[in-house]
Amino acid sequence: MNDANGNQVVLYIAMSLDGYIALPDGSVDWLHDVKGDGGDNGYAEFYDTVGSVIMGRQTYDEVLTLTEEFPYAGKPCFVVTRTPSAHQSTPHVEFTGEPLSDLVRRAKEQSTGSVWLAGGGKLVQAFMKEGLIDEAVIAVIPKVLGRGIPLFPEGTAPGTFELSRMERRGDIALLYYRIQ
(Lines give C-alpha, C1' and ligand atoms only; values in the text may rest on other atoms or scores of the structure.)
Protein backbone atom coordinates (compact mmCIF):
# COMPACT_ATOMS: atom_id res chain seq x y z
CA MET A 1 0.00 0.00 0.00
CA ASN A 2 2.88 2.30 -0.81
CA ASP A 3 1.78 5.86 -1.54
CA ALA A 4 3.06 8.26 -4.18
CA ASN A 5 3.56 10.89 -1.43
CA GLY A 6 6.01 8.59 0.35
CA ASN A 7 3.90 7.98 3.40
CA GLN A 8 4.38 4.26 3.72
CA VAL A 9 3.04 2.05 6.49
CA VAL A 10 6.06 1.21 8.64
CA LEU A 11 6.12 -1.39 11.38
CA TYR A 12 8.72 -0.06 13.85
CA ILE A 13 9.06 -2.33 16.85
CA ALA A 14 11.44 -4.02 19.29
CA MET A 15 11.58 -7.80 19.50
CA SER A 16 13.48 -10.26 21.68
CA LEU A 17 15.77 -12.83 20.09
CA ASP A 18 13.02 -15.40 20.48
CA GLY A 19 10.41 -13.27 18.72
CA TYR A 20 8.45 -11.61 21.55
CA ILE A 21 7.41 -7.95 21.69
CA ALA A 22 6.11 -8.02 25.27
CA LEU A 23 5.81 -10.26 28.28
CA PRO A 24 2.55 -12.22 28.72
CA ASP A 25 1.03 -9.34 30.74
CA GLY A 26 1.86 -6.87 27.95
CA SER A 27 4.71 -5.19 29.81
CA VAL A 28 7.89 -4.10 28.07
CA ASP A 29 10.07 -3.58 31.18
CA TRP A 30 12.62 -5.98 29.70
CA LEU A 31 13.60 -3.21 27.24
CA HIS A 32 14.90 -0.84 29.92
CA ASP A 33 18.30 -2.37 30.71
CA VAL A 34 19.51 -3.25 27.22
CA LYS A 35 22.87 -1.85 26.18
CA GLY A 36 22.14 0.43 23.25
CA ASP A 37 23.98 3.34 21.69
CA GLY A 38 23.83 5.50 24.82
CA GLY A 39 21.03 7.58 23.32
CA ASP A 40 17.60 6.74 22.01
CA ASN A 41 18.85 4.06 19.58
CA GLY A 42 17.53 5.94 16.54
CA TYR A 43 13.99 6.50 17.82
CA ALA A 44 13.92 10.32 17.43
CA GLU A 45 15.24 10.06 13.87
CA PHE A 46 12.48 7.57 13.03
CA TYR A 47 9.76 9.53 14.84
CA ASP A 48 10.61 12.63 12.80
CA THR A 49 9.46 10.71 9.69
CA VAL A 50 6.12 9.74 11.25
CA GLY A 51 2.92 11.52 10.24
CA SER A 52 0.40 9.35 12.08
CA VAL A 53 0.34 6.40 14.46
CA ILE A 54 -1.82 3.27 14.50
CA MET A 55 -1.77 0.85 17.42
CA GLY A 56 -3.92 -1.79 19.03
CA ARG A 57 -5.84 -1.14 22.22
CA GLN A 58 -3.61 -3.34 24.38
CA THR A 59 -0.53 -1.49 23.10
CA TYR A 60 -2.28 1.80 23.89
CA ASP A 61 -3.02 0.62 27.43
CA GLU A 62 0.65 -0.28 27.91
CA VAL A 63 1.81 3.10 26.51
CA LEU A 64 -0.31 4.82 29.16
CA THR A 65 1.59 2.98 31.92
CA LEU A 66 4.98 4.11 30.61
CA THR A 67 4.64 7.88 30.86
CA GLU A 68 2.41 10.57 32.33
CA GLU A 69 2.30 12.54 29.05
CA PHE A 70 0.91 10.87 25.96
CA PRO A 71 4.04 10.48 23.80
CA TYR A 72 2.33 10.84 20.40
CA ALA A 73 0.41 14.07 21.01
CA GLY A 74 0.50 16.34 17.99
CA LYS A 75 0.19 13.51 15.46
CA PRO A 76 -3.04 11.74 14.51
CA CYS A 77 -3.14 8.57 16.62
CA PHE A 78 -5.63 5.81 15.97
CA VAL A 79 -6.29 2.98 18.40
CA VAL A 80 -7.84 -0.07 16.77
CA THR A 81 -10.37 -1.90 18.91
CA ARG A 82 -13.30 -4.23 18.37
CA THR A 83 -15.37 -2.02 20.69
CA PRO A 84 -14.68 1.63 19.76
CA SER A 85 -17.95 2.82 21.37
CA ALA A 86 -16.74 1.47 24.73
CA HIS A 87 -13.83 3.93 24.71
CA GLN A 88 -13.93 7.69 24.79
CA SER A 89 -11.68 9.37 22.27
CA THR A 90 -9.35 11.98 23.70
CA PRO A 91 -7.71 15.04 22.15
CA HIS A 92 -4.74 12.80 21.25
CA VAL A 93 -6.41 9.52 20.31
CA GLU A 94 -9.26 8.27 18.17
CA PHE A 95 -10.60 4.78 18.88
CA THR A 96 -11.77 3.01 15.74
CA GLY A 97 -13.02 -0.32 14.52
CA GLU A 98 -13.13 0.64 10.84
CA PRO A 99 -11.66 -1.67 8.17
CA LEU A 100 -7.87 -1.42 8.23
CA SER A 101 -7.50 -0.43 4.58
CA ASP A 102 -9.91 2.48 5.17
CA LEU A 103 -8.03 3.47 8.33
CA VAL A 104 -4.68 3.46 6.54
CA ARG A 105 -6.11 5.58 3.74
CA ARG A 106 -7.51 8.06 6.27
CA ALA A 107 -4.26 8.15 8.28
CA LYS A 108 -2.36 9.01 5.10
CA GLU A 109 -4.86 11.72 4.19
CA GLN A 110 -4.64 13.37 7.61
CA SER A 111 -0.86 13.72 7.72
CA THR A 112 2.35 13.75 5.79
CA GLY A 113 5.03 11.24 6.58
CA SER A 114 4.93 7.57 7.39
CA VAL A 115 2.08 5.77 9.06
CA TRP A 116 3.65 4.05 12.08
CA LEU A 117 2.18 0.68 12.92
CA ALA A 118 3.24 0.63 16.57
CA GLY A 119 1.86 -2.78 17.56
CA GLY A 120 0.83 -5.18 18.89
CA GLY A 121 1.05 -8.69 17.56
CA LYS A 122 -2.65 -9.13 16.72
CA LEU A 123 -2.70 -5.89 14.77
CA VAL A 124 0.52 -6.80 12.95
CA GLN A 125 -1.14 -10.10 12.04
CA ALA A 126 -4.20 -8.29 10.66
CA PHE A 127 -2.05 -5.82 8.67
CA MET A 128 0.00 -8.72 7.24
CA LYS A 129 -3.18 -10.53 6.20
CA GLU A 130 -4.30 -7.48 4.21
CA GLY A 131 -0.85 -6.68 2.81
CA LEU A 132 -0.83 -3.23 4.39
CA ILE A 133 2.78 -3.04 5.64
CA ASP A 134 5.37 -1.51 3.30
CA GLU A 135 8.43 -1.59 5.55
CA ALA A 136 9.43 -3.18 8.84
CA VAL A 137 12.11 -1.82 11.14
CA ILE A 138 12.76 -4.44 13.79
CA ALA A 139 15.06 -3.69 16.70
CA VAL A 140 16.34 -7.09 17.80
CA ILE A 141 17.03 -6.96 21.51
CA PRO A 142 19.65 -9.45 22.73
CA LYS A 143 17.41 -11.20 25.26
CA VAL A 144 15.51 -14.46 25.29
CA LEU A 145 12.20 -14.06 27.13
CA GLY A 146 10.96 -17.63 26.82
CA ARG A 147 7.34 -16.52 26.76
CA GLY A 148 5.23 -13.54 25.88
CA ILE A 149 3.37 -11.83 23.07
CA PRO A 150 4.91 -12.79 19.73
CA LEU A 151 5.54 -10.28 16.97
CA PHE A 152 4.00 -12.70 14.50
CA PRO A 153 1.31 -14.74 16.30
CA GLU A 154 0.45 -18.23 15.13
CA GLY A 155 -1.72 -18.00 12.03
CA THR A 156 -0.02 -14.89 10.62
CA ALA A 157 -0.17 -14.86 6.83
CA PRO A 158 3.12 -15.90 5.22
CA GLY A 159 5.15 -13.04 3.84
CA THR A 160 8.53 -12.30 2.34
CA PHE A 161 10.77 -9.59 3.73
CA GLU A 162 13.70 -8.14 1.78
CA LEU A 163 16.55 -6.85 3.95
CA SER A 164 17.41 -3.33 2.80
CA ARG A 165 19.92 -2.36 5.51
CA MET A 166 21.17 -3.04 9.03
CA GLU A 167 22.42 -0.82 11.83
CA ARG A 168 24.14 -1.63 15.08
CA ARG A 169 23.17 0.40 18.15
CA GLY A 170 25.24 -1.02 20.98
CA ASP A 171 24.02 -4.60 21.37
CA ILE A 172 20.82 -3.87 19.43
CA ALA A 173 20.53 -4.85 15.76
CA LEU A 174 18.17 -2.66 13.74
CA LEU A 175 16.94 -4.58 10.71
CA TYR A 176 15.21 -2.69 7.90
CA TYR A 177 13.00 -4.74 5.61
CA ARG A 178 10.85 -3.99 2.59
CA ILE A 179 7.73 -6.15 2.59
CA GLN A 180 7.00 -7.86 -0.69
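The values are calculated or read from the model by the stated rules, or taken from the named source; none is laboratory data. What you are looking at is a predicted structure, and each value in this text was computed from that prediction instead of being measured. Every residue, glycine as well, gets a Cβ built from its backbone with ideal geometry; the counts of neighbours run over all protein chains shown. Each accessible area value is taken on the protein alone, full model and side chains, heavy atoms only, with ligands, DNA and RNA left out. Shrake-Rupley method; radii C 1.70, N 1.55, O 1.52, S 1.80 Å.
A few remarks follow.
- Straight-distance crosslink candidates among lysines, where the alpha carbon sits under 26 Å from K143 and sequence neighbours closer than 8 are dropped: K35, K122
- Of F78, Y43, G97, farthest towards positive along the dipole that unit charges on Lys, Arg, Asp, Glu beta carbons give the chain: G97
- The HN-Hα couplings worked out from phi for segment 164-169 by the Karplus form 6.51 cos²θ - 1.76 cosθ + 1.60 (θ = phi - 60°) are 9, 6, 9, 9, 10, 10 Hz, whole numbers, x standing for Gly and Pro.
- Most positive-pole-ward Cα, Q88, S111, L123, against dipole of segment 70-131 from beta carbon charges: L123
- A cut-off of 5 Å between modelled amide H atoms, ignoring neighbours fewer than 5 places along the same chain, links G119 with G56.
- The GluC sites (Glu not before Pro) of segment 30-88 that DSSP puts in a loop, and whose beta carbon has at most 14 other beta carbons within 10 Å, are E68, E69.
- GluC sites (Glu not before Pro) within segment 150-180: DSSP coil, no more than 12 neighbouring Cβ in 10 Å: E154
- Whole-Å distance, taken between Cα centres, linking segment 70-139 and segment 152-180: 19
- Computed [θ] at 222 nm, deg cm²/dmol, the chain (DSSP H ≥ 4; -39,500 (n - 2.57); rounded to nearest 500): -5500 deg cm²/dmol
- Inter-probe distance in nm under a simple model that places probes 7 Å from Cα toward Cβ, at R178 and E109: 2.9
- Candidates per trypsin sites (Lys or Arg not before Pro) in segment 1-95, loop by DSSP, up to 13 other Cβ within 10 Å: K35, R82
- Here the contact order of segment 1-156, divided by its residue count and restricted to Cα pairs under 8 Å and six or more residues apart, works out to 45 percent.
- Taking only protein heavy atoms and a 1.4 Å probe, the accessible area of segment 24-94 is 49% carbon and sulfur.
- Within segment 91-127, backbone nitrogen closer than 17 Å to the virtual label 7 Å beyond the Cα of T83 toward Cβ: 95-98
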